[in-house]
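**Q** Once you've had a glance at the structure underneath, I'll fire off some questions.
The values are calculated or read from the model by the stated rules, or taken from the named source; none is laboratory data. Here the structure is a predicted model, which means the values were calculated and not measured. Every residue, glycine as well, gets a Cβ built from its backbone with ideal geometry; the counts of neighbours run over all protein chains shown.
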Amino acid sequence: MNIKENLIEIKNTFQNSDCLLVAVSKTKPISLLQEAYDAGIRDFGENKVQELVEKQEQLPADIRWHMIGHLQRNKVKYIASFVHLIHGVDSFKLLKEINKQAKKVDRTISCLIQMHIAEEDSKFGFDQQELDEMLQSIEIQELSNVKIIGLMGMATFTDDESQVRKEFRGLKHLFDKLKSQKLPDNFELKEISMGMSGDYLIAQEEGSTMVRIGSAIFGSR
Ligand SMILES: *Cc1c(COP(=O)(O)O)cnc(C)c1O
C-alpha cells in the first residue's frame, strides 16, 4: 500500500481538478495519516468523534478535520473547538446543537445539510419536506454560529451506475434550485459533498465539489 502513489493515481483520474479530495482516514492508524499528510493532504475525514479527537491531538495543527458520519448531538461539544466542516447534518435538532456549542467556543462552524438521496432507508439525511420545514422556520434565522455552505449525499450502494448517477444528479438539481431561492442569512451554498472510492468519478461528472475517499487511498478496512 503506497499512499502517495494512490493519491497521485486518484488525482490523475479527477474529472474536475478543483474538486476537493477529503482523505477518509477512519479506522486507520496515525502513521498512515502522517504519510498522507507528508504527501500533501490537509483535509481528513473521520466518522467517529472519539477517534477524530484523538487523531487531531496527535497530528499537525494545520489539518482541516471533516466530520463525515452520523454525529450524535451529545458529542458535538467534543469537536466544536476545532472541526473544519461537518458534512452529516441530518436533522434540525443537530444543527441547533452545533450552533449552541459553536457559540460557547466563539466560532462559526461550517456545515453541510445531508440529504437522503439513496433508496436504502438505512442512510441518514433530510427529505425534501424536512428541509422545507427547516428553511421556513423562524428558528433557523437565529442560528448565527453556523454557516450552511452546501449539501452532502450518499448514493445507494449498488453496481447500477445509472442509479447512482440519478441520485447524484438529483442532489445537484436540488442544490441549484436552493441557490436560486431566497435563503436564510446563514446559508452560503457553494459545496456539494458527494462521491466515495467507488463512485467519485460519477459524482464529479454530476457536479461534486468535494469527494470523500477512504479505501482507494488507505486500503480496505
Ligand atoms: C467511510 C466513508 C467514506 C469513504 O468510503 P470509501 O468507500 O472507503 O471511500 C465516505 N463518506 C462517508 C460518510 C463514510 O462514512
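**Q** Which residues, taken from region 203-214, are under 17 Å from residue 149 (Cβ atoms) and within 8 Å of the ligand (Cβ to nearest atom)? Working first, answer last.
**A** Within region 203-214, the first condition is being under 17 Å from residue 149 (Cβ atoms), and the residues that meet it are 207-212.
Within region 203-214, 212 is the sole residue that qualifies.
**Q** Check residue 14 against each of (1) touching a residue at least 24 places away in the same chain (Cβ under 8 Å); (2) within 16 Å of the ligand (Cβ to nearest atom); (3) under 15 Å from the mean Cα position of the chain (by Cα) and name the one condition it does not meet.
**A** Every listed condition holds for residue 14 apart from (3).
For (1) in contact with a Ser or Thr (Cβ under 7 Å, 6 or more places away or on another chain); (2) acidic (Asp, Glu); (3) within 16 Å of the ligand (Cβ to nearest atom); (4) at pLDDT 95 or above, each residue gets a yes or a no:
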{"residue": "148", "(1), (2), (3), (4)": "no, no, no, yes"}
{"residue": "156", "(1), (2), (3), (4)": "no, no, yes, no"}
{"residue": "169", "(1), (2), (3), (4)": "no, no, no, yes"}
{"residue": "175", "(1), (2), (3), (4)": "no, no, no, yes"}
{"residue": "180", "(1), (2), (3), (4)": "no, no, no, yes"}
{"residue": "183", "(1), (2), (3), (4)": "no, no, no, yes"}
{"residue": "195", "(1), (2), (3), (4)": "yes, no, yes, yes"}
{"residue": "201", "(1), (2), (3), (4)": "yes, no, yes, yes"}
{"residue": "216", "(1), (2), (3), (4)": "yes, no, yes, yes"}
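**Q** Right, next: Please work out which residue is nearest to residue 192 (Cα to Cα), limiting yourself to region 90-109 and to residues that are crowded, with 21+ Cβ neighbours inside 10 Å and of a type in the set (Val, Ile, Thr).
**A** 109
**Q** Among the numbered conditions (1) at negative phi; (2) surrounded by fewer than 18 Cβ atoms within 10 Å (Cβ to Cβ), tell me where residue 49 comes up short.
**A** Only one criterion is unmet by residue 49, namely (2).
**Q** Residue check, residue 80 against (1) of a type in the set (A, V, I, L, M, F, W, C); (2) out of contact with any Gly (no Cβ under 8 Å at 6 or more places or on another chain); (3) within 15 Å of the ligand (Cβ to nearest atom), all met but one. Which one?
**A** So the condition that residue 80 fails would be (3).
**Q** In addition: Name every residue in region 21-31 that is within 13 Å of the ligand (Cβ to nearest atom) and either over 16 Å from residue 221 (Cβ atoms) or of a type outside the set (S, T, N, Q) (or both), in order of residue number. Outline the logic, then answer.
**A** Taking region 21-31 as the starting set, the residues that turn out to be within 13 Å of the ligand (Cβ to nearest atom) are 21-28.
Hits for region 21-31 are 21, 22, 23, 24, 26, 28.
**Q** For region 1-52, which positions are touching an Asp or Glu at 6+ places or on another chain (Cβ under 8 Å) and of a type in the set (D, E, K, R)?
**A** Selection gives 4, 26, 42.
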